[in-house]
Structures are given as structure tokens and as C-alpha cells.
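Heads up, the thing below is written out as C-alpha cells.
The values are calculated or read from the model by the stated rules, or taken from the named source; none is laboratory data. Computed from a predicted model, the values in this text were never measured in an experiment. For neighbour counting, all protein chains shown are included, and Cβ atoms are generated from backbone atoms with ideal geometry for every residue, glycine included.
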Amino acid sequence: MSAPTRRSFLISAAGLAAGALAGRAWAAEQPQTPDHLLDELMRENQDNDIGSGFDNASRKVRLPKKSLSTLSPSTAETTQTSIAQYEAVVAKGGWPVVPASAKGLSVGAKSAAVPTLRQRLLVAGDLELNSGAPAVFDSHVDVALRRFQVRHGLHPDGILHEATLQPLNVPAEQRLAQLRTNAVRLKALSGNLGNRIVVANIPAAQVEAIENGVAVTRHAAVAGKPDRPSPDVRSKITQINFNPFWTVPVSIIRKDLIPKMQAEPDYLTRNHIRIYDPKNNELQPSQIDWYSNDAVNYKFKQDAGDFNSLGSIKINFPSPDGVYMHDTPSKGLFGEDFRFASSGCMRIQNVRELVYWILDETPGWSKAEIDAVIKSGEHKDAKVAKPLPLYWVYVTAWATPDGVVQFREDIYNRDGVS
């Protein structure tokens with residue numbers, strides 16, 4: 001699977017079915033990731049005894065456990081172990097290519113492509129039962145496809161969109177190569193990382209708060225664009241800014257702000273961004289020559305407020321790349337499968353929950369006090385009493401201790417897998 005192909009599809013996928021779009025909009029407002037969504041879906045069906053949709057055999061399909069962290073010594077070990085499993089798959093010829101005619105299939109459909117889809121899901125262990133009419137997309141296939149979607153970081157709607165068809169047709173040889181590459185990465189990252197750490201897996205666009213090896217909270221993230229990648233980070237979280245101002249980085253002034261002002265002269269005013277010269281005197285946009293690089297000589301500062309690009313929270317840590325994690329007023333991207341749209345920093349879904357945990361051992365910053373400061377709109381800083389280790393890592397394939405193997409797109413083409 002070439003990264004540009006999937007990116008181009010996901011960026012332009014305006015023609016998806018209305019049901020899938022509604023699912024994304026709902027997910028954007030929820031503190032849930034794909035594994036949570038499928039787990040909840042199956043639990044609801046069990047509680048309601050809807051046997052026609054998910055029978056007992058389908059309910060036994062293993063899903064990734066929410067408490068298992070991506071980064072741990074046990075994950076490094078099980079990822080190494082999973083290589084043998086995929087070597088066996090490759091030795092037997094891999095899995096079949098699911099034809100394009102399968103696109104759009106969902107539960108209840110009949111198609112000549114379903115037997116191939118069944119075989120593909122069976123070989124990788126997503127389909128544990130292959131009973132029923134071969135050409136019917138039944139409840140077994142439905143749950144198997146949703147499990148596959150979860151393992152590949154996609155929303156588990158059980159519909160065979162193009163975004164699901166593409167990872168289905170990544171050859172087994174390529175997945176094996178990914179596991180070998182990432183087993184080495186994970187081993188290098190599995191030392192004494194600390195008892196309370198924050199880990200951001202860039203290709204998964206996901207952040208985990210990990211305590212004593214357990215992922216106590218997990219957050220969807222928006223990471224850097226392929227042409228403005230988020231860097232690897234090994235640092236410590238030292239400070240939280242509430243109701244922050246945003247000082248626009250020079251790179252964004254050059255790449256985004258200048259072209260934006262050429263096209264929309266009122267852009268700065270509409271977005272509450274002020275201009276200051278080196279002596280801290282405020283200037284008007286009309287005083288800048290927007291058809292030159294003159295703007296990079298000035299400071300651009302966005303007022304605090306609901307409109308601020310950093311939202312209500314910014315998480316600071318020392319970084320030579322000048323990156324940080326933050327809230328955002330634009331929540332829509334959290335509900336998308338493709339979440340690579342920033343200039344290198346990371347936007348975090350439900351970031352307040354993460355900050356509650358980060359400041360849990362910092363006196364004077366209880367949940368109630370954090371909520372009150374955010375509600376006030378007043379800019380305040382909290383120094384983290386015990387700076388927390390932070391790791392931004394690049395892991396595109398891993399196997400958690402429960403034996404579930406997960407893959408993500410090599411969004412920055414760093415795997416060396418053709």
C-alpha cells in the first residue's frame with residue numbers, strides 16, 4: 001500500500017455513505033477510539049440479546065484490550081513472537097487479493113467477492129468461523145471485518161470502504177517486513193521508561209497515559225502532515241498552560257500566514273491575531289508587505305479564547321523542534337481515519353482528561369480547580385510537580401500481550417518497506 005494513494009483517497013473521500021459520515025461525526029464528540037467503539041457495539045448487542053446480528057460465535061472474536069499499552073517490554077516480546085506467525089502465512093502463499101467489486105459491501109450483501117473476503121479474513125485470524133453461505137456477507141464476516149478495521153486503526157463500521165480495501169490488500173510479505181522493522185524499534189524503546197509516562201504513537205495518531213504498564217487513558221490525536229512530520233521525542237512534560245496565547249512559529253508565518261493574507265486580507269483580524277514589532281509595538285496588517293517575506297520579522301500572537309488554535313490547554317516539554325501538545329477548537333478531525341493535518345505538533349482529543357492525570361500529583365490542581373480556571377478564561381500556568389517522561393515514537397506494527405497484531409500506515413515512509 002503506497003502512502004500517497006491512501007492519503008489522497010482519505011483527504012478527498014467526500015462521497016462516503018451517509019451512515020459512515022454520521023458515525024464519524026458521532027465519534028468526533030466521544031472519548032473513544034476504534035477499539036472502544038467495537039467493544040461497546042458488541043457489548044450492547046450482548047445486553048440486548050440481538051442474536052440475529054451477532055451470534056455467540058461472533059462474540060468470541062478477540063479484540064485489542066484497551067488497557068494494554070503500545071510501548072512496553074511485553075509488547076516488544078510479543079511483536080517479536082508474532083513474526084513467526086506471519087512467516088508461516090507467507091510460506092503458505094500469503095492471503096488473496098480482495099477484488100475491487102467487494103467495495104461497499106456490508107452485512108446482508110451477496111456477492112461473488114465475499115468468498116475471497118472470507119479467505120482473506122480467515123488467513124489473518126480475524127474470521128474464526130467460516131460457516132454459512134460462502135457468498136453471503138453474514139454476521140461472522142461483519143464482526144471479522146470490524147475486527148480487522150480496529151487492528152488497522154479504522155472506524156469499525158463493518159463497511160468495506162476503499163480505506164479498508166487498501167490495507168486488506170497489503171501483501172503478507174509487506175506486513176512481515178513491517179513487523180521485523182518495528183520489533184527492532186520496540187526493543188530499543190522497551191527499557192526503563194518510567195512508572196508514569198505519556199506515549200504518542202505517531203503513525204497511529206494516538207496518545208496513551210501509561211501507569212505501571214497499564215494504559216489508563218487513551219486519546220485520538222492529530223499529528224503532523226507528511227510534508228511537516230511530527231518528530232520523535234524523548235522529553236519530560238514540565239508545564240501546562242491554561243487558556244494560552246498562541247505565538248505563530250516562523251515556519252507557519254512563511255508557509256501559511258503570508259499566502260493566507262494575500263488571499264484574505266482580513267484573516268488576521270477575523271482570527272484575533274495581533275502583530276508586534278521587535279520593540280513589542282503593535283502594528284496593523286496594512287503596515288506589512290504581504291507580497292514579500294517581511295512578515296517573518298514580526299511576532300504574531302493570537303488572543304486566548306474559544307477561537308484560539310491551541311484551544312484551552314497547551315502541554316509543554318523541552319524540544320529542539322519547538323513542538324508541543326494541545327487542545328483545538330476544531331474537533332472534527334478526531335473522528336476521521338486519516339489524522340495527519342498539523343504542522344508537527346499534536347492536537348489531543350479530550351485533552352482535559354489527560355491533563356487531570358498529568359497534574360494528579362501536583363498540589364493545587366485538582367479536577368475542580370482545573371475546570372474553574374478553564375471556565376474563567378484567565379491565562380494561568382501550572383508547573384508539573386514531578387515532570388513526566390514523554391515519548392513520541394514511530395511504530396507502525398506491534399502485537400500486544402493478548403496476541404492481537406496491529407498495523408498502521410507508514411505515513412512518513414520510514415519503514416523501508418516497498
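Note on region 388-404: residues that are of a type in the set (A, V, I, L, M), over 9 Å from R185 (Cβ atoms) and outside any strand (DSSP E or B) total 1. If you go through region 212-254 and keep only what is free of Cβ contacts under 8 Å to residues at least 24 places away in the same chain and either at negative phi or under 16 Å from the mean Cα position of the chain (by Cα) (or both), you end up with just D227.
Quick one: would you say Q406 is among the polar types (S, T, N, Q), outside the structural domain of A205 (by TED's automatic domain parsing) and surrounded by 15 or more Cβ atoms within 10 Å (Cβ to Cβ)? For Q406, the condition - among the polar types (S, T, N, Q), outside the structural domain of A205 (by TED's automatic domain parsing) and surrounded by 15 or more Cβ atoms within 10 Å (Cβ to Cβ) - is met. The condition of being over 30 Å from L121 (Cβ atoms) and buried (at least 19 other Cβ atoms within 10 Å of the Cβ) holds for only one of S342, S330, S376, that being S342. How many residues does region 223-236 hold that are buried (at least 24 other Cβ atoms within 10 Å of the Cβ) and either modelled with pLDDT under 95 or part of a strand (DSSP E or B) (or both)? Counting residues in region 223-236 that are buried (at least 24 other Cβ atoms within 10 Å of the Cβ) and either modelled with pLDDT under 95 or part of a strand (DSSP E or B) (or both) gives 1.
Residues in region 309-334 that are touching a Cys at 6+ places or on another chain (Cβ under 9 Å) and in a helix (DSSP H, G or I): none.
If a residue must be among the small types (G, A, S) and in a loop (DSSP other than H, G, I, E, B), how many such residues does region 95-110 contain? I'd like the intermediate steps shown before the answer.
Residues of region 95-110 that are among the small types (G, A, S), as a first pass: 100-102, 104, 106, 108-109.
Narrowing further to those that are in a loop (DSSP other than H, G, I, E, B): 104, 106, 108-109.
Qualifying residue count for the region: 4.
Would you mind stating whether V136 is hydrophobic (A, V, I, L, M, F, W, C), touching a residue at least 60 places away in the same chain (Cβ under 8 Å) and in contact with a helix residue (DSSP H, G or I) (Cβ under 9 Å, 6 or more places away or on another chain)? Lay out the reasoning, then the answer.
Numbers: hydrophobic (A, V, I, L, M, F, W, C): yes; touching a residue at least 60 places away in the same chain (Cβ under 8 Å): no; in contact with a helix residue (DSSP H, G or I) (Cβ under 9 Å, 6 or more places away or on another chain): yes.
Answer is no for this residue.
So which of L333, L310, L283, L268 is under 30 Å from A163 (Cβ atoms) and in contact with a Phe, Trp or Tyr (Cβ under 8 Å, 6 or more places away or on another chain)? Give the steps one after another, and end with the answer.
On the way: L333 fails: in contact with a Phe, Trp or Tyr (Cβ under 8 Å, 6 or more places away or on another chain); L283 fails: under 30 Å from A163 (Cβ atoms); L268 fails: under 30 Å from A163 (Cβ atoms).
When all the criteria are applied, what remains is L310.
Against the condition under 25 Å from F340 (Cβ atoms) and either in contact with a strand residue (DSSP E or B) (Cβ under 6 Å, 6 or more places away or on another chain) or in a helix (DSSP H, G or I) (or both), how does I275 come out, does it pass? Don't jump to the end; show me each part of the working.
On the way: under 25 Å from F340 (Cβ atoms): no; either in contact with a strand residue (DSSP E or B) (Cβ under 6 Å, 6 or more places away or on another chain) or in a helix (DSSP H, G or I) (or both): yes.
Taking the combined requirement at face value, the residue does not satisfy it.
In the set A102, A112, only one residue is crowded, with 17+ Cβ neighbours inside 10 Å, farther than 15 Å from Q406 by Cβ, aliphatic (A, V, I, L, M) and not assigned by TED's automatic domain parsing to the domain that holds A220; that residue is A102. Suppose we filter V417, V393 for residues that are surrounded by 16 or more Cβ atoms within 10 Å (Cβ to Cβ) and modelled with pLDDT of 95 or more; which single one remains? Step by step, each of V417, V393 is checked, and only V393 is surrounded by 16 or more Cβ atoms within 10 Å (Cβ to Cβ) and modelled with pLDDT of 95 or more.
Residues of region 335-348 that are over 25 Å from K383 (Cβ atoms) and either assigned to a loop (DSSP other than H, G, I, E, B) or over 10 Å from the mean Cα position of the chain (by Cα) (or both): E336, D337, F338, R339, A341, S342, S343.
Residues are listed down the side, and each one gets a yes or a no for (1) modelled with pLDDT of 95 or more; (2) closer than 30 Å to G332 by Cα; (3) of a type in the set (K, R):
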| residue | (1), (2), (3) |
| --- | --- |
| F245 | no, yes, no |
| V248 | no, yes, no |
| S251 | no, yes, no |
| D256 | no, yes, no |
| A263 | yes, yes, no |
| R270 | no, yes, yes |
| N308 | no, yes, no |
| I315 | yes, yes, no |
